[in-house]
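Everything on this sheet refers to the single structure shown next.
Just so it is clear, none of the values below were taken in a lab; they were calculated from the coordinates. The structure presented is a predicted model; accordingly, all values stated were derived computationally and were not measured. Here the Cβ is made from the backbone with ideal geometry for all residues, glycine too, and neighbour counts use every protein chain on show.
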Amino acid sequence: MRLTTLTDYALRLLMYLAQRPERLCTIAEVASSYGVSEAHMMKVTHQLGRAGWIETVRGKGGGMRLAHAPQDISLGEVVRSIEPDFFMVECFSTGNACVLTGDCKLTAVVEGALRSFLDHLNRSSLADILPEPNARTTLPVLRLMQPVREPVA
């Protein structure tokens with residue numbers, strides 16, 4: 001399973017805002033901090049605002065902030081609100097044309113794995129993934145690690 005880049009950026013944006021509860025943050029500052037385009041960050045901001053995770057203030061001096069306390073923001077709910085679908089195998093999608101449908105038990109196995117994944121995320125909140133308050137740095141310095149890819153033999 002792979003989450004979209006939009007979800008990755010959404011979680012980063014929420015972490016950024018959670019570390020700065022005393023002020024409004026701008027799209028430009030967050031995008032610059034993470035080295036992503038403002039257009040991508042604008043799309044993420046729009047999605048998070050529509051889902052009710054952040055509040056946005058328009059105009060001069062505007063910006064964004066969390067709409068809830070970090071401990072009240074479930075990672076599972078955020079991921080569900082941002083991901084367009086969880087069609088990990090063809091039989092999950094509408095318009096399924098898989099010739100194995102009805103004779104294959106893969107659907108139940110993958111569905112169980114997906115449910116376990118989302119249940120695990122539900123047990124964590126935004127507060128759980130923030131650095132300790134006395135940490136020497138804030139998250140913009142932290143870069144999410146890319147997965148190590150094994151060489152193909």
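Other residues whose C-beta falls under 12 angstrom from the C-beta of Arg2 contribute a net charge of -2, scoring Lys and Arg +1 and Asp and Glu -1. Think of each Lys and Arg Cβ as +1 and each Asp and Glu Cβ as -1; about the Cα centre, that makes the dipole of segment 5-136 roughly 480 debye. Spherically averaged projected area of the convex hull of Cα atoms, segment 5-136: 10.1 nm².
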